[in-house]
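Notes to accompany the following structure.
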Number of protein chains: 2
Amino acid sequence: MGSNQLYKGSLATIILKLLEEKGRMYGYQITQEVKAISAGEFVITEGALYPMLHKLEADGMLTVETEMIGNRMRKYYSITHDGKKEVVDRMAEMEAFIRHMQTLLNPNIELA
Amino acid sequence: MGSNQLYKGSLATIILKLLEEKGRMYGYQITQEVKAISAGEFVITEGALYPMLHKLEADGMLTVETEMIGNRMRKYYSITHDGKKEVVDRMAEMEAFIRHMQTLLNPNIELA
DNA sequence: CCATATACCTAAGAATTTTAGGCAAAAATA
DNA sequence: TATTTTTGCCTAAAATTCTTAGGTATATGG
């Protein structure tokens with residue numbers, strides 16, 4: 001990951017959430033979308049992406065459909081029912097993480 | 001870290017920021033403070049804490065003063081000038097991370 | 001007296017990511 | 001048209017960071 005190294009541990013969450021929203025996507029498309037959304041700050045390396053996609057598929061979070069575009073293979077991933085359950089948990093964790101981080105790192109802000 | 005594995009990569013940031021605010025602290029105190037602030041969700045293991053404190057000291061981010069409390073050693077850490085510069089960068093990264101995460105994960109919110 | 005809390009530490013292993021490749025088609029550019 | 005860049009898939013070794021699982025020892029509360 002280019003500059004920001006904090007995203008460590010959140011790659012699976014990013015992938016699952018993106019697929020939940022956008023429907024099916026292929027690997028390269030995910031890297032471009034995340035880069036675009038994060039203004040170039042989250043650069044998912046392929047060495048991290050593809051093993052993670054394979055792991056999420058093996059864990060039953062994603063399914064794959066291979067299509068031929070011209071002479072080229074493209075693998076579209078979709079989120080499963082289990083994946084949608086997983087994303088709910090991961091989102092709750094992410095929100096808790098952000099909340100606690102803000103408490104830790106912005107102690108000036110008064111909490112109600 | 002107990003359940004949440006998202007904090008990976010943020011341990012150094014937490015330590016530096018805490019020391020910047022609270023002045024000097026010792027290792028065990030840091031673990032208790034973080035646990036208290038995060039409502040028990042961030043549990044820093046000692047196997048992660050002490051190597052990180054040593055690394056930050058080696059990198060010139062922290063200095064140590066050893067004191068004897070009764071018959072027991074206590075090592076107080078303080079942030080250095082370089083550490084304060086580092087914490088500025090890390091806070092900016094953290095804010096960017098949180099901002100991009102919210103964009104990625106809460107796409108319903110309209111951005112101005 | 002004994003268990004728990006305090007307080008330091010290290011080392012092996014696990015998990016996740018970077019680095020550094022490989023392969024090949026399609027598109028852009030020179 | 002020739003060459004470079006982009007697209008698109010992949011793997012394996014190394015690095016990073018953390019967990020697990022110890023070790024040592026004092027202080028405190030029951």
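The values are calculated or read from the model by the stated rules, or taken from the named source; none is laboratory data. Here the structure is a predicted model, which is why all the values come from computation and not from measurement. Don't worry about glycine lacking a Cβ; one is built from the backbone with ideal geometry, like all the others, and counts go over all protein chains shown. Note: accessible area is taken over every heavy atom of the protein model, side chains too, but ligands, DNA and RNA are not part of it. Shrake-Rupley method; radii C 1.70, N 1.55, O 1.52, S 1.80 Å.
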## Note on the structure
Cross-link reach from A:Lys85 to aspartates and glutamates, straight Cα distance under 19 Å and at least 8 residues apart if same chain, gives A:Glu20, A:Glu21, A:Glu57, A:Asp59, A:Glu93, A:Glu95
### Chain lengthening between B:Arg72 and B:Ala39 when straightened (0.36 nm per residue, less Cα-Cα)
9.0 nm
### Query
If you build a Gaussian network model of chain B, linking Cα atoms that sit under 10 Å apart, which residue out of B:Met52, B:Met61, B:Met101 swings the most?
B:Met101
### Summary
Over region B:11-105, the quotient of the Cα radius of gyration and 2.2 N^0.38 Å is 1.17
### Task
Evaluate the distance, in nm, between pseudo-label points positioned 7 Å from the Cα of A:Asp82 and of B:Gln32 along their respective Cα→Cβ axes.
4.3
### Message
Taking a point 7 Å out from Cα toward Cβ as the label site, list the nm distances between B:Ala39 and the same residue in every other copy, smallest first.
### Response
3.0
### Query
Can you give the three extents of the C-alpha atoms in the protein assembly as shown along their principal axes, from longest to shortest, in whole Å?
74, 37, 30
### Query
In peptide B:9-18, how many Cβ atoms from other protein chains are near each Cβ within 10 Å, on average?
3
### Within 10 Å of each Cβ in A:91-103, the average number of Cβ atoms from other chains
6
### Flagged links, alpha-carbon separation over 23 Å, of A:Lys55/B:Lys35; B:Lys8/B:Lys75; A:Lys17/B:Lys8; A:Lys35/B:Lys84; A:Lys22/A:Lys75
A:Lys55/B:Lys35; B:Lys8/B:Lys75; A:Lys35/B:Lys84
### Summary
So, in nm and shortest first, the distances from B:Asn106 to its counterparts in the other copies, with label points 7 Å along Cα→Cβ, work out as 1.0
### Taking region B:14-90 and dividing mean pair separation by its residue count, relative contact order in percent (alpha carbons under 8 Å, at least six apart)
36
### Message
Can you list the copy-to-copy distances for A:Arg24, using a point 7 angstrom from Cα toward Cβ, in nanometres, shortest first?
### Response
6.3
### Query
Ranked by accessible surface with a 1.4 Å probe, highest first, in what order do B:Tyr7, B:Tyr50, A:Tyr77 come?
B:Tyr50, B:Tyr7, A:Tyr77
### Query
How big is the gap, in Å, between the Cα center of region A:17-46 and the Cα center of region B:27-93?
35
